[in-house]
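Derivation of every value follows stated rules applied to the coordinates shown; laboratory data play no part. If you're wondering where the values come from, they're calculated on a predicted model, not measured in any experiment. Here the Cβ positions follow ideal geometry from the backbone for every residue, glycine too, while neighbour counts run over all protein chains shown.
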Amino acid sequence: MIRLNVNGKPGDIDVAKDTPLLWALRDVLNMTGTKFGCGAGLCGACTIQIDGQPTRSCITPVSAAVGKRVTTIEAIGATPAGKKVQAAWLALNVPQCGYCQSGQIMSASALLAANAKPSDADIDSAMAGNICRCGTYPRIRAAIKKAAGVPETEA
Amino acid sequence: MNRRHFLTATSAIGGGVLLGFGLPTRGEIRDTLTSDAPFAPNAFLRIDRAGKVTFVMPMIEMGQGTYTSLPMLIAEELEVDVDKVAIEHSPPDDKVYANPLIGAQLTGGSTAIRGTYVPLRQAGATARVMLVTAAAQRWNVDPSTCRAQNGVVVHAPSGRKLGYGALVDAAAKLPVPEKVALKEPADFKLIGTPHRRLDTTGKVNGSAKFGIDTRLPGMKFAVVAASPTFGGRLVSVDEAKAKAVSGVSQVVRLDDAVAIVANHTWSAKQGLAAAAPQWDAGPNAKLSTVDIVAQLARASEKPGAVARHDGDAAAAIAGAARKVDAIYEQPFLAHAAMEPMNCTVHMTKESCDIWVGTQIPGMTQAAVMELTGLTRAQVRIHNHLLGGGFGRRLEYDGTVRAVQIARQVRGPVQVIWTREEDIQHDMYRPYYYDRLSAGVDAQGKAVAWSHRITGSSIVARYFPPWLKDGVDPDAVEASANQPYGISNIHVDWVAQEPPSGITTSWWRGVGATRGTFAVESFVDELAANAKQDPLAYRVALLDKNTRAKAVLQLAAAQSGWGKPLPAGQGRGIALCIGFGSFIAQVVQVSVDKDGTVNPTYVWCVVDCGVQVNPDTIRAQMESGIVFGLSAALHGQITIKDGRVEQTNFGDYRVLRINETPRIRVDLVKNLEAPGGIGEPGTSCVMPALTNAIFAATAKRIRKLPVGEQARTEA
C-alpha cells in the first residue's frame, strides 16, 4: 500500500512503488484529467504538481510523492494561480482538441504561482516541455500574460 | 432526390419536437453507399418541453471548432442562445449522419461548414417558423404579427409571449413548411461574430472525456505490440514471465501482434517487457526508405494518367528559350496526435460496445460487423471528443485491432498504444516524388509547365469510386488545378504503392499539402530564375484570379515585403487555393551559421468567403501553421531493416512554444461561399518556409524535411 495525498485527500492505493503516478491517478483512482501522451517525459501532457512543482507524472514513481502534496487538473482551479489561468484559457479560447491542455494549465499555473509577471523568456522556459499538436502556443502565451496582467505585444 | 433539403417533424420521446433534416449529398457517392435506401433525414435537432435545444452533431469535434460553428448556424436562424444549445455526439450511421460533401459519416476534408452552411440554417429557420405558427394558432393571430427571439415567440401587438418549450408539442403536429426564408447576411447577429467555444469548460478542468478516459466497472487495460517490421509475424512470447508481473492477467496472441492484459496500464507495460515477444521479420526485413524512394524515382520516368492537358507542354518546353527542372520529395509522416491511439471494447456473444474517438463512426461499425459477424444493432459505437485527428482517426485499424484482442478477453478492456507503438504503426502520409519542368521565354516568363506526380493513392484503397479516369483527385490536388496562367500545362500522375504492409493515409491538408509544396516551390524557382520578385512573378501569372492576388498582396504588405533584412534572414511567400478558400502566407526566417532555421514571423491572410466564427478561423490558421512548420522543419518517418526508425517526440520532433513564430492572421471579408479552414493553413506554410530559406541563404530545399539542409558548408 502506498499512501498518497491527492488534491488534499489522503488515501491508500495498492500498486507497486515504482508505478508512475500517471497510471495510479488514471487507472487506479480513475482521475482521468491527467493525460498520457508519451510515457517518457517528452510532451508534458501528464504534468501534475508535487508540492507546487510541475512534475511529469509519467516518469515519477508513486513512491516519490509519499508525504507530499499532489495537485492535479481536477483541483488546480482551487488555487489562485490555477483559477486565473483557467479563466484566461477560456477568455482566449485556448483549447482546440484540448488533450494537452491539462498539462499546459498545470505548467502555466506553477509558473504564475512562482513568478507573478513572467517575461516571454520565462514563458518559453516554463512551457517548452509541453507539446500541443493543435499549435495553440500563441494563445497559451497570450493567456499566461492575460492571467498575469502583463500586456500582450502585437505581432 | 432533387430537393435541396428534406425535413420531418415528429413528437420526441418524452415530449417536445424532433426535427430531422437531410443534408444535401454528393449524388454519385451517396448512390454507391446507399443505392437501395430512400433519402433519409440525417441530422437531428430536438427541442424539449423545457425549451432545451439539443443538436446531434453529424461531425465530431477534434479541435477544429465544429462544436461551436455548427450550432451557431442553427441558433442564428432558430433565434436561441447558442451557449445553451446542448450537443450530443451522433451514433454510427453512414446514411443518417452523412457528411453532405462526402456521402458518409465522416469528419474531414475541411467540409463541415461547406457542407452544412445552408442546410443547418434551413433547419433552424424551419423549426422557428413552426414554433411561431404554433404560437399564432394558440393566440389565434396572424403569424406575421409574431416574432421569435431568444427562445421565445412574442406577439408584439398584445405583448404576449410563449417560450419554445410551451410550443413544441403543438409544433410537432404541424406540417413542415416547404420553403422558409433565410436571413440576409446583413441581418446576422451571430454568424460572423467571434464567439467563444462551447467545448472549452471541460477542457480546462480535466472533465472533458476523450476515448482514452473511458472507465467501466471491471475494465482491464491492455498494451499492444505489433510486429516491429511491416508484414512480420509473432513467433513466441514468454507468457510465464509476463504473468509473473503483478497485475497481469492474460496474454493475447494474434498473428502479427501481442497484447498484455492487466489491471492497469503500467502492469500491462511491464508485462509486455517481460513477455519479450519474438518476431519473424517477414518479407520486408531488409526494406529501407532508400528502396522506396528508388522505386518512386524509377516509376516517375514513365508517363502517368493525365490529370490536365492544356496546349502542348512538351513541344513548348522543347522550343523554349530556357528550361528549368526540379524534383521535389516529401516524406512519410506520422500524425502523432496528442491522444495516443486507444480503443475500449466490451465484447459478448450478442454485442460489441466500443468507446473510441473516431472521425468515421459508421465505417468503423461496418468494419466491426464484418470482423465479428454481429448485426448493426449489436455493434454500438460510443464516440468521444478526439484528442487530435489530423486524419489518423479517419481509419478504423485501431478499433479492429482492439476488437481482435477484446474477443479473447472477458469483460471490458481498454487497449492502449504506447507513443512508440502509435508512431511506429501509424498509417502514414505517403512519400511523394514530384518531377517538374518549365519552359521559359527570354524574359523568364513561363510558357510551359509539366508536372509528374508519383506516389501512393489513398483514394484507391479508401474509396475507389472517387478515382476519375484513372486519376486520383487527391493525388493531383493543387497540382492539376494550379492557378497560374500558363498556356501549355501537362500534369500526370503515376500510382506507385510502397511495399505491402505499409499503409498510407490522410494527413492534414491531404493532397493540397503535397501539391502546394511542389507548385509553390517551383513557381518560386521560376521567379528566381527570371531574377524577378517572387510576389510580382506570381501576381503577373494570376491575371484573372482577383481573390488569389488580393490575399498575396495583403500578406506581402503586412509582412513589410521588399524591405531589406539583415544577412541570414529572409521572407518567403506562398499561395494555397484549396477547400474553397484562398490563403497566402509570408514566413520570415532567420538561419543560423550552423544551419538552424528559426521561423520568426508568419503573416497569414485568409479569404474563406462568409465567416461563421472568425475566432475559429484565426485559431485554425495558427494551428495549421504550427502543424505545417513542425512537419516541414523536422517531420519524417524513415524505415530501416523493415521497421520505422522514429519512436517518440525525441526523434519525431514537433514545434514547441519557444520555437513557434509570431503569427498574425488577417481575414478578408466578403460574401463568397464559405470555404474550409482546418487544412489549408498547413498546406500553405511549408513552401512559404522553404522559399524564405532560399531568400535567406540561396539554398533551395527540394526535399522535406528541412532538417540540416540549410547548413552552409564549411
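Can you give the average number of partner chain beta-carbon atoms within 10 Å of each beta-carbon in peptide B:382-389, as a whole number?
Details: counts 0, 0, 0, 3, 3, 10, 8, 1.
Counting other chains' Cβ atoms within 10 Å and averaging over B:382-389 gives 3.
From other protein chains only, count the Cβ atoms within 10 Å of every residue's Cβ in A:88-95, then give the mean. It would help to have the intermediate numbers written out before the result.
Values: counts 1, 5, 7, 2, 4, 13, 5, 10.
Mean partner-chain Cβ count within 10 Å for A:88-95: 6.
Is the C-alpha gyration tensor of segment A:1-107 telling us rounded, prolate or oblate? Criteria: a/c under 1.5 is rounded; beyond that, a/b larger than b/c is prolate, otherwise oblate. Mind dumping the intermediate values first?
Numbers: a/c = 2.20, a/b = 1.55, b/c = 1.42.
It is prolate, given that a/c is not under 1.5 and a/b is the larger ratio.
If you average the alpha carbon positions of segment B:59-81 and of segment A:12-84, how far apart do those two centres end up, in angstrom?
If you average the Cα positions of each part, the centres end up 34 Å apart.
Tell me, what HN-Hα J-couplings in whole Hz come from the Karplus equation 6.51 cos²θ - 1.76 cosθ + 1.60 at θ = phi - 60° for each residue of segment A:58-69, using x for Gly and Pro?
3J(HN,Hα) across segment A:58-69, in whole Hz: 6, 10, 10, x, 4, 4, 6, 9, 5, x, 10, 8.
Taking GluC sites (Glu not before Pro) as exposed when DSSP calls them loop (any state but H, G, I, E, B) and at most 10 other Cβ atoms lie within 10 Å, what is the longest stretch of chain B free of them, the sites themselves excluded?
Working: sites that count: B:178, B:301, B:350, B:708, B:713.
That would be B:351-707.
Of B:113, B:632, B:406, which is farthest along the charge dipole of chain B in the positive direction, counting Lys and Arg as +1 and Asp and Glu as -1 at C-beta?
Projecting each Cα onto the dipole axis, the largest value belongs to B:113.
How would chain B be classified by its alpha-carbon gyration tensor: rounded, prolate or oblate, with rounded meaning a/c under 1.5 and the a/b versus b/c comparison settling the rest? Intermediate results must be reported in sequence, preceding the final value.
Values: a/c = 1.89, a/b = 1.16, b/c = 1.64.
Oblate is the answer for chain B, as a/c is 1.5 or above yet b/c matches or exceeds a/b.
Mind listing the long-range amide H neighbours of residue B:663? Cut-off is under 5 Å, sequence gap 5 or more, other chains count too, H placed in the peptide plane at 1.01 Å from N.
Here B:602 satisfy the definition.
To the nearest 0.05, what FRET efficiency results for residue B:326 and residue B:641 with a Förster distance of 35 Å applied to their C-beta separation?
Values: r = 32 Å, r/R0 = 0.90.
Once rounded, the FRET efficiency stands at 0.65.
Would you work out which of B:320, B:204, B:475 lies farthest towards the positive end of the dipole of the protein assembly as shown, given +1 charges on the beta-carbon of Lys and Arg and -1 on that of Asp and Glu, about the Cα centre?
Checked the options; the winner is B:204.
Under 12 Å between C-alpha atoms is the cut-off here; go through segment A:76-148 and count lysine pairs that meet it, provided they're at least eight residues apart or on different chains. Display every interim value, and only then the final one.
On the way: A:84/A:145; A:84/A:146; A:117/A:145; A:117/A:146.
Close lysine pairs found across segment A:76-148: 4.
Just report the Cα centroid separation between segment B:532-551 and segment B:111-136, whole Å.
40 Å
Amide H neighbours of residue B:232 under 5 Å, counting only residues 5+ apart in sequence or on other chains, H built in-plane at 1.01 Å?
Placed amide hydrogens put nothing under 5 Å from residue B:232.
Return the sequence-ordered ³J(HN,Hα) values of segment B:592-602 in whole Hz as given by the Karplus equation 6.51 cos²θ - 1.76 cosθ + 1.60 applied to θ = phi - 60°, using x for Gly and Pro.
Result, ordered by residue: 6, 4, 7, x, 5, 9, 10, x, 9, 9, 10 Hz.
Averaged over its residues, how many other protein chain Cβ atoms are within 10 Å of peptide A:20-28's Cβ atoms? Walk me through the numbers on the way to the answer.
Values: counts 3, 0, 2, 7, 2, 0, 7, 14, 3.
The mean count of partner-chain Cβ atoms within 10 Å per residue comes to 4.
Can you list which of the trypsin sites (Lys or Arg not before Pro) found in segment B:245-320 are DSSP loop residues with at most 11 other C-beta atoms within 10 Å?
Details: sites: B:253, B:269, B:286, B:298, B:308; in loops: B:286.
Qualifying residues, ordered by number: B:286.
For the protein assembly as shown, give me the percentage of DSSP beta bridges that are antiparallel, rounded to the nearest 5 percent. Could the numbers behind the result be given before it?
Working: 105 of 137 bridges.
DSSP beta bridges in the protein assembly as shown are roughly 75 percent antiparallel.
Return the long-range amide H neighbours of residue B:580 (sequence gap of 5 or more, or a different chain), with a cut-off of under 5 Å between placed amide H atoms.
Those lying under 5 Å, H to H, from residue B:580 are B:676.
Before anything else, pin down the relative contact order of chain B: Cα pairs under 8 Å, at least 6 apart, normalised by residue count, whole percent. If you can, show how the numbers build up before the last one.
Numbers: 1693 pairs, mean separation 96.2, N = 714.
It rounds to 13 percent for chain B.
Would you mind classifying the protein assembly as shown by shape? Square roots of the alpha carbon gyration tensor eigenvalues, ordered a ≥ b ≥ c; an a/c under 1.5 is rounded, otherwise it is prolate if a/b is larger than b/c and oblate if not.
Details: a/c = 1.36, a/b = 1.06, b/c = 1.28.
Since a/c stays below 1.5, the shape of the protein assembly as shown is classed as rounded.
Under a Cβ-Cβ cut-off of 13 Å, what is the net charge of the residues other than residue B:500 that fall near it, where Lys and Arg count +1 and Asp and Glu count -1?
-1
Hey, which lysines would be in cross-link range of residue A:35, C-alpha to C-alpha under 19 Å, not counting anything within fewer than 8 residues on its own chain?
Residue A:35 reaches B:203, B:209, B:220, B:269.
Segment B:556-573 to segment B:602-671: how many Å between their Cα centroids?
21 Å
What are the ³J(HN,Hα) values, in whole Hz, obtained from phi via the Karplus relation 6.51 cos²θ - 1.76 cosθ + 1.60 with θ = phi - 60°, for each residue of segment B:491-505 in sequence order, with x given for Gly and Pro?
For segment B:491-505, the Karplus curve yields 10, 10, 9, 10, 7, 9, 8, x, x, 4, x, 9, 9, 9, 8 Hz.
Show me the helices of chain B, taken as full DSSP H stretches, that run 24 Å or more along their long axis by Cα and average -0.5 or above in Kyte-Doolittle hydropathy.
Numbers: long enough: B:112-139 (39 Å, 0.27); B:510-529 (29 Å, 0.39); B:614-634 (30 Å, 0.38); B:680-697 (26 Å, 0.94).
Once both thresholds are applied, what remains is B:112-139, B:510-529, B:614-634, B:680-697.
Order these peptides, A:94-102, B:571-579, by their mean beta-carbon neighbour count within 10 angstrom, highest first. Don't jump to the answer; show the numbers that get you there.
On the way: A:94-102: 30.2, B:571-579: 27.2.
Per-residue mean Cβ counts within 10 Å order the peptides as A:94-102, B:571-579.
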